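Q: One structure, as structure tokens, below. Some questions next.
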Amino acid sequence: LSATTAGAAASAIARALSLDPSCGEAWHHAGDLVLEGDPARAIGYYQRALELDPALDVSRRAMAAAHEMLDRFGDAETELSLGEIARPDRPWWRQTRARVELARRNYTAAAEMLGTDPTADAMPMVWLVGRIVPAAMTSQIEEARKSAVGLTERYPGFCEGQAVLAALEWDSAGNAKGRSLGNMLLVVAAIV
């Protein structure tokens with residue numbers, strides 16, 4: 001989990017699985033490692049994780065995300081329903097459903113799901129996805145910009161929020177301000 005490169009992480013996960021192939025969490029992390037590049041393969045790892053540890057409901061969320069990436073929205077909804085039946089107390093079911101709605105371009109539905117989400121203020125990504133993206137995608141640029149300002153004031157280190165604010169400033173004819181915010185992100189990225 002603390003590996004500095006994907007290769008080192010893959011090597012560590014492979015070693016962990018060679019030592020204990022019955023560790024569901026290791027299979028889950030293997031899925032996380034390949035999710036962005038090969039979501040179909042990741043689904044297999046998440047399924048194996050659940051076979052070994054049915055209580056690992058985060059694998060259902062991850063499978064739903066992988067299905068969403070593959071435009072298999074019905075399969076994503078099935079995984080979310082199964083996960084929510086097992087653990088209705090998890091906040092991420094609604095959040096992942098909203099992600100599926102965004103992928104379907106149902107921006108209003110996503111906004112309705114997350115607009116009242118009690119975790120939105122405490123989780124910058126939920127704030128971004130639930131309040132800013134739907135507003136921007138439905139041409140409510142000024143509303144999205146104001147929300148992005150609030151997000152970046154509260155979470156100044158949240159790079160995704162800064163990047164979206166830069167784009168919204170650019171779209172609001174604030175080209176110089178948008179460029180300035182974008183340049184600051186590049187400076188911070190070069191330092192890190």
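Q: Look through ARG61, ARG94 and report the one residue that is within 18 Å of GLY130 (Cβ to Cβ), open to solvent by 70 Å² or more (accessible area, probe 1.4 Å), without any contact (Cβ under 8 Å) to a residue 24 or more places away in the chain and of a type outside the set (Val, Ile, Thr).
A: Only one candidate passes the filter, namely ARG94.
Q: Moving on to the next point. Could you please let me know if ASP71 is open to solvent by less than 70 Å² (accessible area, probe 1.4 Å) and not aliphatic (A, V, I, L, M)?
A: No.
Q: Enumerate the pairs (first residue in the stretch 1-17 and in contact (Cβ under 8 Å) with a residue 40 or more places away in the chain and of a type in the set (Lys, Arg); second residue anywhere and loosely packed, with under 12 Cβ neighbours inside 10 Å and in a helix (DSSP H, G or I)) with beta-carbon separation below 6 Å, excluding pairs fewer than 6 apart on the same chain, so at least 6 apart or on different chains.
A: Every condition considered, no pair remains.
Q: How many of the residues making up the stretch 10-47 are outside any helix (DSSP H, G or I), farther than 24 Å from ARG94 by Cα and among the charged types (D, E, K, R)?
A: Number of matching residues: 2.
Q: Here's another thing I want to ask about it. Among (1) over 26 Å from MET125 (Cα atoms); (2) in contact (Cβ under 8 Å) with a residue 12 or more places away in the chain; (3) open to solvent by 30 Å² or more (accessible area, probe 1.4 Å), there is one condition GLY24 misses while meeting the rest; what is its number?
A: Of the numbered conditions (1) over 26 Å from MET125 (Cα atoms); (2) in contact (Cβ under 8 Å) with a residue 12 or more places away in the chain; (3) open to solvent by 30 Å² or more (accessible area, probe 1.4 Å), the odd one out for GLY24 is (3).
Q: Related question: Quickly run through the stretch 27-53 and pick out the residues that are among the small types (Gly, Ala, Ser), under 14 Å from HIS67 (Cβ atoms) and buried (at least 17 other Cβ atoms within 10 Å of the Cβ).
A: Correct list: GLY31, ALA42.
Q: A follow-up question, please. Look through the stretch 109-126, keep the residues that are over 19 Å from MET137 (Cα atoms) and among the charged types (D, E, K, R), and return whichever of them is modelled with the highest pLDDT. First the steps, then the outcome.
A: Narrowing the stretch 109-126 to residues over 19 Å from MET137 (Cα atoms): 117-119, 121-123.
Add one more test, that the residue is among the charged types (D, E, K, R), and what stays is 117, 121.
On the way: ASP117: 75, ASP121: 78.
Filtering first and then ranking leaves ASP121.
Q: Could you please give the count of residues in the stretch 32-46 that are in contact with a helix residue (DSSP H, G or I) (Cβ under 7 Å, 6 or more places away or on another chain) and either at pLDDT 95 or above or on the phi > 0 side of the Ramachandran plot (or both)?
A: Going through the stretch 32-46 one residue at a time, the tally reaches 6.
Q: Return the residues of the stretch 123-156 that are over 22 Å from GLU68 (Cα atoms) and open to solvent by 70 Å² or more (accessible area, probe 1.4 Å); say none if nothing qualifies. Lay out the reasoning, then the answer.
A: Taking the stretch 123-156 first, the residues over 22 Å from GLU68 (Cα atoms) are 139-156.
If the condition is that a residue be over 22 Å from GLU68 (Cα atoms) and open to solvent by 70 Å² or more (accessible area, probe 1.4 Å), then SER139, GLN140, GLU142, GLU143, LYS146, GLU153, ARG154, PRO156 are the ones that fit.
Q: Could I ask something else about it? Just give me the residues in the stretch 48-85 being farther than 14 Å from ALA26 by Cα, among the charged types (D, E, K, R) and assigned to a helix (DSSP H, G or I), in sequence order.
A: ARG60, ARG61, GLU68, ASP75, GLU77, GLU79, GLU84
Q: So which of ASN183, ASN106 ends up being open to solvent by 50 Å² or more (accessible area, probe 1.4 Å) and either among the small types (Gly, Ala, Ser) or modelled with pLDDT under 80 (or both)? Talk me through it step by step, then tell me what you get.
A: Working: ASN106 fails: either among the small types (Gly, Ala, Ser) or modelled with pLDDT under 80 (or both).
Sole residue among the options that is open to solvent by 50 Å² or more (accessible area, probe 1.4 Å) and either among the small types (Gly, Ala, Ser) or modelled with pLDDT under 80 (or both): ASN183.
The values are calculated or read from the model by the stated rules, or taken from the named source; none is laboratory data. This one's a predicted model, so the numbers in the text were calculated from it and none came from an experiment. A quick note on method: Cβ atoms are made from the backbone with ideal geometry, for glycine too, and the neighbour counts reach across all protein chains shown. Areas reflect the complete protein model, heavy atoms only, side chains present, ligands, DNA and RNA absent. Shrake-Rupley method; radii C 1.70, N 1.55, O 1.52, S 1.80 Å.
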